[in-house]
1. To the nearest 0.05, what FRET efficiency results for E555 and F316 with a Förster distance of 51 Å applied to their C-beta separation?
2. Calculate, for E352 and D306, the FRET efficiency according to 1/(1 + (r/R0)^6) with r their C-beta to C-beta distance and R0 25 Å; round to the nearest 0.05.
3. If you roll a 1.4 Å probe over segment 429-531 with all protein chains in place, what percent of the accessible area is carbon or sulfur?
4. Express the accessible area of the chain per residue in Å², computed with a 1.4 Å probe while the remaining protein chains stay in the model.
5. Helix by helix, which DSSP H runs in the chain go 15 Å or more along their axis at the Cα atoms and have an average Kyte-Doolittle hydropathy of 0.0 or more?
6. Pull out the extension gain between S239 and Q343, defined as 0.36 nm times the separation in residues minus the alpha carbon to alpha carbon distance; nm, one decimal.
7. Compute the Cα gyration tensor for the chain, then decide on rounded, prolate or oblate, letting a ≥ b ≥ c be the square roots of its eigenvalues: rounded whenever a/c is under 1.5, prolate when a/b is larger than b/c in the other cases, and oblate in all that remain.
8. Give me the percent of accessible area attributable to carbon and sulfur for segment 163-226, probe 1.4 angstrom.
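The values are calculated or read from the model by the stated rules, or taken from the named source; none is laboratory data. This structure is a prediction, so every number in the text was calculated from the model and none was measured. As a convention, Cβ positions derive from the backbone with ideal geometry for all residues, glycine included, and neighbour counts pool all protein chains shown. We work out accessible area using only protein heavy atoms, side chains counted, and drop any ligands, DNA or RNA first. Shrake-Rupley method; radii C 1.70, N 1.55, O 1.52, S 1.80 Å.
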Amino acid sequence: MEENLKNKYSAENIQTLEGLEAVRKRPAMYIGDINVKGLHHLVYEVIDNSIDEAIVGYCDTIDVVINEDGSITIEDNGRGIPIDYHEKEGKSALEVVMTMLHAGGKFDKDSYKVSGGLHGVGVSCVNALAEWLKVEVHRDGKIYFQEYKIGKPQSEVKEIGTTDKHGTSITFFPDTSIFITKDFKFDVLGNRLRELSFLNKKIRLNIKDLRTTDEEGNHPEKSYYSEKGLKEFVEFLDSSRESLIEDIIYIRNEDTDVPVEVAMQYNTSYTENVFSYVNNINTIEGGTHLTGFRRGLTRTLKNYADNSGMLSKLKFDIAGDDFREGLTAVISVNVQEPQFEGQTKTKLGNSEIAGYVNQAVSTAMKNYLEENPKDAQTIVQKVILAAQARHAARKARELVQRKSALSGAGLPGKLADCSTKDPALAELFLVEGDSAGGTAKQGRDRTFQAILPLRGKILNVEKAMQHKVFENEEIKNIFTALGIVMGTEEDSKAVNLDKLRYEKIIIMTDADVDGSHITTLIMTFFFRYIKSLIEYGNLYLATPPLYLIRKGKVERYAWNEEERAEILLELTGGSEAGVHLQRYKGLGEMNSEQLWVTTMSPETRKLQRVSIENAAEADSVFSMLMGDEVAPRREFIEQNAKYANIDA
Ligand code: 0RA
């Protein structure tokens, strides 16, 4: 540490600075990453504190404003961060909260803290990673203010006026020497606020973007509020599906140390859409709370079905999956000291939680089934149908496998295979349409790149029964080309990757709305049927450019509007004379050489790896998108025409 700092700060202060320095040294350890995700995580961290105020009943409104200069403000009408003198630290409590790592702990032992960011790191972390941050507290009739630069106070806490309000307002600008991107995304933040509104009922959450205006000169803004919480969450998720029973089943148990809340509904589709949360965090990888939910549900439904006599004619067993076909559910639990595990640290590990959730679900479901015999029968009938369909699917699958074994396990006719037999080097491109497939065949390096053209839209696995999926030509081709054996006696969706023929599987579609739709279809298929390929990181998206910019013999490509503007400026110095600009509407507009250079060559292409998170997101978007009713779908497509960027 520099000499002048040593003199200037007391021992505690040095400790503080070291704390914040640790955050700046290893930001990813605290906020996940330094890209889009981590950046938005900063905002969630502040909002979580406001939500905590709301949960204990002191706050009912949270405003998020993306300011014109790119900074962001999070304002709430909670109690306001305490400003009184903190004896032990010898400074204002406000400064302690804002500058000391985990200082929140001194306050949140009051057991008031219920929500919590993924890492629960506190606002001091946000402060450490902000180029500048300003906090304004309205409390006890006065307004207090302090400003920081990369977490360091620029003065004492100051009293700057009087007020009749209460609450906290935090404005910050992310430190661009740490983050790869500094652009807050309105839609990403909006989606999170919507999720939070469902998870925490009766809080008004507003967002406004002062950086842009629409045709009428208005700033984009959204307001979220849910009166009924999880019930409305399930309604929202199922808005494009047809319900099987009239009312949403709602379970709530707050009698134990682990409050459990569940809302669920069966619909006429064939997929399971269960979302689980711990302390407002979406546990994409599931965990013990999800296990408990499944156990409770299976146990009670199985008991009921056995006692009802409805299973007497069934010649085979019902599997766990069968109880969740066409089920949409949201499970939310609060855990005092959650242990997060797994690849993305979104899997709950605390073993005791399974019992709590199982108990809550079993008791409530038992009552529900007894009190609603008509719905109970409808559900059991659905479960029986699911079991029968699974049985039929197994037969269809076995037939397919026997056939392919008889025909010498031949590869699909449409596959243009690569010459290497080493899976570690081999790549398979799944290409939208025969024509782009043709270009890709010409453009590829055939030694290690194989091409499988797919006909237009592949089957919507969201709406199809399992046996239809296994009978579908395109899907069979994908399985056979990959060398994957599907299904076992016990688990119809088990996959064996031992004979996987390609290390990289790359989805290549047009860079337009249709293309991203097809990408979503394919990703959803992988997510639902070969999830482990995504987990192992084998699935990728190719990213074709949007523009070709040509001046004389110089050809340049742009992947977004910003790049296009930059390249234009660079080539022309602003005049735009003699420049030819081509907007690629599809892969088909590129010749094979262009496709190679921009999208296929490992030297120059930009592959995006599909992660469980963005696949899960695609899947949930997809569930919404692909339901039975057209209206919500159209609205969604119109609002998300830019959905192409799944990385967000
Ligand atoms: C520490 C203690 C208390 C509240 C807060 C922090 C608090 C932090 C943030 C961050 C954004 N908004 C916030 N609102 C409150 C408890 C306050 C008390 O006991 O009066």
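1. Rounded to the nearest 0.05, the efficiency is 0.25.
2. Step by step, r from the Cβ atoms, then E = 0.30.
3. 47
4. Per-residue accessible area for the chain comes out at 47 Å².
5. Length and hydropathy pass: 36-55, 186-199, 513-529, 612-625.
6. Difference between extended and current length: 34.3 nm.
7. Values: a/c = 2.05, a/b = 1.20, b/c = 1.71.
The shape class here is oblate.
8. 45
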